[in-house]
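Here is the structure we will look at.
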Amino acid sequence: MSVDAILLAGGRGSRVDGAAKPLFRVGGSTLLAAAIAAARAGGAQRILVVAPVLDAALDVEWIAEDPPFGGPVAGVVAALPVVRADEVLVLACDLVAPAQAVAALPAIPADADGVCLSSDGRPQWLTGRYRTAALRCMASGLENGGRDAAMRTLLGGLRIALVDAPAEVSRDIDTWDDLTAAGGTAASEPEEEP
């Protein structure tokens with residue numbers, strides 16, 4: 001199966017005063033660079049980053065939402081027309097340990113439309129691998145390109161296998177306190193390609 005990755009990196013960062021969370025540094029790398037490396041390690045042939053261009057030097061395809069800031073569903077819907085692979089790895093770019101998260105995802109079972117991590121019984125939709133045809137089918141029925149829709153609106157009707165993972169595998173950075181707890185810093189310059 002071929003795999004493309006949709007990396008969601010275009011949020012407002014409202015709980016971090018509008019800072020670009022994908023450019024936060026944790027463990028010597030930006031969250032964006034770590035997500036790109038994790039997607040590549042997970043077999044993604046192409047990396048589609050839904051966000052304004054954050055670092056033009058990166059070897060990725062930038063996808064713009066129109067209008068911007070429509071949420072993760074709108075981001076996935078914006079990128080789907082560009083996907084050429086059988087499967088899509090969907091990954092948020094605010095994960096502390098994206099390599100661990102991607103490594104925890106098994107192959108999609110034959111009787112499922114996708115697989116995603118689960119923490120405390122809750123699906124972590126933004127750390128998952130999905131069949132492209134199933135995503136396109138669900139996306140075609142969404143109003144307003146999925147703007148402001150919940151991820152369960154896009155994925156809730158699909159057969160998704162949940163994979164229990166420790167909370168630290170799906171830990172993300174939503175606030176300045178989260179960044180501090182992860183030992184990270186706010187980046188001031190783009191980082192080189194992973």
Inset, instruction - Determine the sum of side-chain charges near Gly13: Lys and Arg each +1, Asp and Glu each -1, restricted to other residues whose C-beta is under 13 angstrom from that of Gly13. - result: -2
Legend entry - Rg/Rg_globular for region 57-139, with Rg_globular taken as 2.2 N^0.38 Å and Rg from C-alpha atoms: 1.13
Legend entry - DSSP-defined beta bridges in region 1-97 - what % are antiparallel, rounded to 5: 10
Inset, instruction - Take every DSSP beta bridge whose two residues both sit in the chain, then give the antiparallel share in percent to the nearest 5. - result: 45
Legend entry - Calculated [θ] (222 nm, deg cm²/dmol) that DSSP helices of n ≥ 4 give over the chain, each run adding -39,500 (n - 2.57): -6000 deg cm²/dmol
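What full-extension length gain, to one decimal in nm, is calculated for Ala85 and Ser2 as 0.36 nm per residue of separation minus the Cα-Cα distance?
Result for the pair: 29.4 nm of gain on full extension.
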Legend entry - region 87-135 and region 1-69: distance between their alpha carbon centers, rounded to Å: 16
Inset, instruction - Rank-order 51-61, 119-129, 153-163 by packing density, defined as the average count of other C-beta atoms within 10 Å over each peptide's residues, highest first. - result: 119-129, 153-163, 51-61
Legend entry - Solvent-accessible area per residue for the chain (1.4 angstrom probe, square angstrom): 46
Inset, instruction - Report in % the part of the accessible area of the chain that belongs to carbon and sulfur, leaving out ligands and nucleic acids; probe 1.4 Å. - result: 51
Inset, instruction - At a temperature of 20 °C and a viscosity of 1.002 mPa s, determine how fast the chain diffuses translationally according to Stokes-Einstein, using the Kirkwood radius over alpha-carbon pairs as Rh; express D in µm²/s, rounded to the nearest whole number. - result: 130
Inset, instruction - With r as the distance between the Cβ atoms of Phe69 and Cys137 and R0 = 25 Å, compute the FRET efficiency 1/(1 + (r/R0)^6) and round to 0.05. - result: 0.45
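The values are calculated or read from the model by the stated rules, or taken from the named source; none is laboratory data. What you are looking at is a predicted structure, and each value in this text was computed from that prediction instead of being measured. Ideal geometry is used to build each Cβ from the backbone, glycine not excepted, and the neighbour counts take in all protein chains shown. For the accessible areas, the whole protein counts, side chains as well, though only heavy atoms, and no ligand, DNA or RNA atoms are used. Shrake-Rupley method; radii C 1.70, N 1.55, O 1.52, S 1.80 Å.
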